[in-house]
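Chemist: Dropping a structure here in structure tokens format, bear with me for questions.
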């Protein structure tokens with residue numbers, strides 16, 4: 001048995017024990033938000049006759065906040081079905097964390113992943129590729145002439161092969177109540193100390209400084225991740241997997257301690273460990289909280305009046321400020337989420353043509369700009385700045401995000417793209433223990449480092 005398959009089996013055990021109680025996703029054709037795949041096909045088929053065949057597509061565009069993303073996917077599917085004779089794409093919608101940590105791991109262990117599936121490039125797809133389960137799509141990109149049109153597919157590459165494509169990119173920062181800031185004459189903070197002063201003011205006013213929902217550990221870890229890049233350096237995370245840097249380095253402990261200090265001071269909503277991520281934005285929409293640290297993908301919620309309610313058009317954005325004025329902004333810039341493709345599907349000539357058409361129809365400038373406009377997703381492909389600015393015109397939130405990206409000095413991928421899966425699991429467990437008061441910052445660093453050492457030794 002290959003080492004990768006042993007790891008997959010281990011990861012599956014971890015996932016099923018750690019995520020007991022999580023709901024499953026849709027298994028039927030169509031999405032789990034109740035909308036079915038369009039059946040009307042108006043475009044000319046590439047062939048005049050063909051036997052019917054299915055292509056299973058696993059996506060995570062479920063729920064109200066992802067409806068725009070799902071609409072884009074549906075349009076791509078409809079166009080692809082119209083171009084490939086006999087093709088019927090079966091959509092399988094599953095919540096993101098359940099897909100990543102339960103469904104895919106089980107399917108990969110059994111050697112039977114969906115034909116097309118939502119995935120994370122690093123480390124997930126690179127691990128699956130070791131067992132020959134994920135297709136190298138570099139030849140298809142060459143055929144389409146788009147291999148060099150991406151900002152980067154480094155996180156999807158291994159040994160010169162490309163095992164998937166990012167749908168878009170994202171940054172993280174604080175969404176905030178602009179009316180509250182204006183009423184209280186609060187300026188956008190330039191240092192971490194200024195951000196804390198704002199948090200104190202908000203708390204004194206009887207409101208929550210930072211909206212949060214930490215049932216899924218990656219949510220609070222967005223904040224922690226940005227903190228440790230300021231305390232320990234923007235490149236520190238790159239060294240963990242090879243032992244070049246340590247989780248329990250004093251600077252890392254300072255970062256964990258800063259997060260713990262904010263917890264102690266009551267800057268987050270009480271009971272955060274019991275709250276689902278989807279409820280986090282409600283805290284700012286109902287004005288219970290004033291700021292919320294989240295990914296730029298949340299822009300779509302605040303751009304949609306039906307979802308943002310009375311806060312429509314009243315939410316701004318700023319990046320987490322550095323420790324000292326003038327140090328330069330350090331932010332997560334990631335393109336690690338997208339679609340990968342089954343090797344079994346690529347080996348089937350009809351499915352290969354369907355996948356090629358899907359890639360062509362999804363990965364192009366039109367869809368990249370549509371994703372930016374309708375869903376706040378930063379393009380993963382090269383698009384002229386003037387076109388980005390024109391697309392964002394009239395959307396104050398999008399304009400603010402694009403403008404602030406020009407002030408960034410350091411960028412880095414999210415931690416889970418750089419460390420081994422079992423280290424990610426250990427970090428998730430430890431940060432939640434710290435939130436609940438069951439672990440000190442030092443214990444968090446020490447425990448994660450133990451798992452890190454074991455992961456390095458096993459390679």
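Chemist: I need the shape label for the range 317-452. Rule: rounded when a/c is under 1.5, else prolate if a/b > b/c, else oblate, with a, b, c from the alpha carbon gyration tensor. Mind showing how you got there, number by number?
Modeler: Values: a/c = 2.95, a/b = 1.24, b/c = 2.38.
Judged from the Cα gyration tensor, the range 317-452 comes out oblate (a/c at least 1.5, b/c at or above a/b).
Chemist: Would you mind listing how long the range 389-459 runs along its three principal axes, going by Cα atoms, in whole Å with the largest first?
Modeler: For the range 389-459, the Cα extents along the three principal axes come out at 50, 33, 19 Å.
Chemist: Working from Cα positions, state the angle (0 to 90°, nearest 10) between the long axis of helix 192-204 and the longest principal axis of the chain.
Modeler: 80 degrees
Chemist: Report, in degrees rounded to the nearest 10, the 0 to 90 angle that the Cα long axis of helix 441-458 makes with the longest principal axis of the chain.
Modeler: 30 degrees
Chemist: Once both axes come from the Cα atoms, what is the angle between helix 67-83 and the longest principal axis of the chain, in degrees from 0 to 90, rounded to 10?
Modeler: 20 degrees
Chemist: When a/c reaches 1.5 or more, the comparison of a/b and b/c decides; with that in mind, is the range 236-368 rounded, prolate or oblate per its Cα gyration tensor?
Modeler: In terms of gyration-tensor shape, oblate.
Chemist: On to the next question. What is the packing order of peptides 191-204, 120-133, taking the mean over residues of other C-beta atoms within 10 Å and listing the highest first?
Modeler: Packing order, densest peptide first, comes out as 120-133, 191-204.
Chemist: Stretch residue 193-residue 143 to full length: gain in nm at 0.36 nm per residue minus the Cα-Cα span?
Modeler: Working it through step by step, the gained length comes to 12.8 nm.
Chemist: Right, next: When the Kirkwood hydrodynamic radius is evaluated over all pairs of different C-alpha atoms of the range 190-281, what value in angstrom, to one decimal, is obtained? Don't skip to the end; give the middle numbers.
Modeler: Numbers: mean 1/r = 0.0699 Å⁻¹.
After inverting the pairwise mean of 1/r, the radius is 14.3 Å.
Chemist: Sort the following peptides by mean Cβ neighbour count (other Cβ atoms within 10 Å, averaged over residues), highest first: 265-278, 62-75.
Modeler: Result, highest mean Cβ count within 10 Å first: 62-75, 265-278.
Chemist: Right, next: What ranking of 136, 54, 294, 205 emerges when the number of other C-beta atoms within 10 Å of each C-beta is taken as an exposure proxy, fewest first?
Modeler: Taking fewest neighbouring Cβ atoms as first place, the list is 205, 54, 136, 294.
Here, each number is a calculation from the coordinates, and none is a lab measurement. Computed from a predicted model, the values in this text were never measured in an experiment. Note that we place each Cβ from the backbone using ideal geometry, even for glycine, and neighbour counts take in every protein chain shown.
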